[in-house]
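Taking it in order: structure first as structure tokens, then the write-up.
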Amino acid sequence: MSIQENLKIIQSTIPEHVTLVAVSKTKPVEDLQEAYDAGIRDFGENKIQEMCDKYEVLPKDIRWHMIGHVQTNKVKYMAPFVYLIHGVDSLKLLKEINKQAEKNNRVIDVLLQQFIADEETKFGLDEEEIRQIMTEEIQNLPNIRVVGLMGMGTFTDDENQVRNEFKTLKSNFDLLQKNHPDVSILSMGMSGDYEMAIEEGSTMVRIGSSIFGNRNYPI
């Protein structure tokens, strides 16, 4: 099936209030253009260099989402144009984004990544670290806007476990939202579990292989 046909099927399962981010990492520009022509404007990349290269050649109304683990020394390359940084998992990274946003005369929107999975390989902040950032640190970072939370469930076939992890993230999101009016995005759910994530309150899903097919990793 074509990218356009895949998108139609997926979009029919996503409510209007949920944003679809097309995860386009490793995919050629032609595939992104096809998705763009089908109406997609939100694209997710996990490598800053690849995102910068695609930004140069694709239409300028695309909203670029940085969804991978971010190294602080690479922030400067995407600071001029990135729309939303999903995986902010440390105060150090937050400070660097603020610094580079200031240099570009921008306020950059970010999601704080909360660690919810039962896996040591995943990155993220715990609830106390998030609370501390939102109550103590954020006023010193004028070029950053925390607009929500992001989390990744455990890579497992146990649906109950993943559902409970999503519930944990949603409850913390609800608490934050009460005190911080900018907090409106809850990004959880990927190709394999996005429908469950939406049931549990996700407002943004990151879908790649179901749109573009399997990834093209270099051999």
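The values are calculated or read from the model by the stated rules, or taken from the named source; none is laboratory data. Since the model is a prediction, treat every value here as computed from it, not as a measurement. Cβ: placed from backbone, ideal geometry, glycine included. Neighbour counts: every protein chain shown. With ligands, DNA and RNA removed, areas are computed over all heavy atoms of the protein, side chains included. Shrake-Rupley method; radii C 1.70, N 1.55, O 1.52, S 1.80 Å.
The table that follows gives values for the structure above.
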| quantity | calculated |
| --- | --- |
| Accessible solvent surface per residue of the range 27-70, calculated while the other protein chains remain in place, 1.4 angstrom probe, Å² | 44 |
| FRET efficiency estimate (nearest 0.05) - Cβ-Cβ, Gln4 to Glu102, R0 45 angstrom | 0.65 |
| Cross-link table Lys99/Lys170; Lys47/Lys95; Lys54/Lys95; Lys103/Lys178; Lys103/Lys170; Lys25/Lys170, entries beyond 23 Å C-alpha to C-alpha | Lys99/Lys170; Lys54/Lys95; Lys103/Lys178; Lys103/Lys170; Lys25/Lys170 |
| Residues of the range 193-208 with amide N under 14 Å of a point placed 7 Å along Cα→Cβ from Asn164 | none |
| Stokes-Einstein D in µm²/s, Kirkwood radius over Cα pairs - the range 57-117 at 25 °C with 0.890 mPa s viscosity | 204 |
| Neighbour-limited loop hits for GluC sites (Glu not before Pro), the range 90-166 (at most 16 other Cβ within 10 Å; DSSP other than H, G, I, E, B) | Glu119, Glu120 |
| For Asp118, solvent-accessible area (1.4 Å; no DNA, RNA or ligand), Å² | 120 |
| For the chain, Kirkwood radius (reciprocal of mean inverse C-alpha pair distance, Å) | 17.7 |
| Isotropically averaged projected area of the range 98-219, using the convex hull of Cα atoms (one quarter of hull area), nm² | 9.6 |
| Estimated inter-spin distance, Asp53 and Arg41, nm [label 7 Å along Cα→Cβ] | 2.7 |
| Whole-percent carbon and sulfur share, accessible surface of the chain, 1.4 Å | 47 |
| Amide proton proximity set for Val88, modelled H, under 5 Å, gap of 5+ | Leu111, Gln113 |
| Cα-projected label distance for Gln132 with Leu175, points at 7 Å along beta-carbon direction, nm | 1.5 |
| Förster-model FRET efficiency, 30 Å R0, Phe155 and Asp182, C-beta, rounded to 0.05 | 0.45 |
| Solvent-accessible heavy-atom area per residue, rounded to whole Å², over the range 170-213 at 1.4 Å | 40 |
| Packing-based order for 179-187, 2-10, 79-87, using average beta carbon neighbours within 10 Å, highest first | 79-87, 179-187, 2-10 |
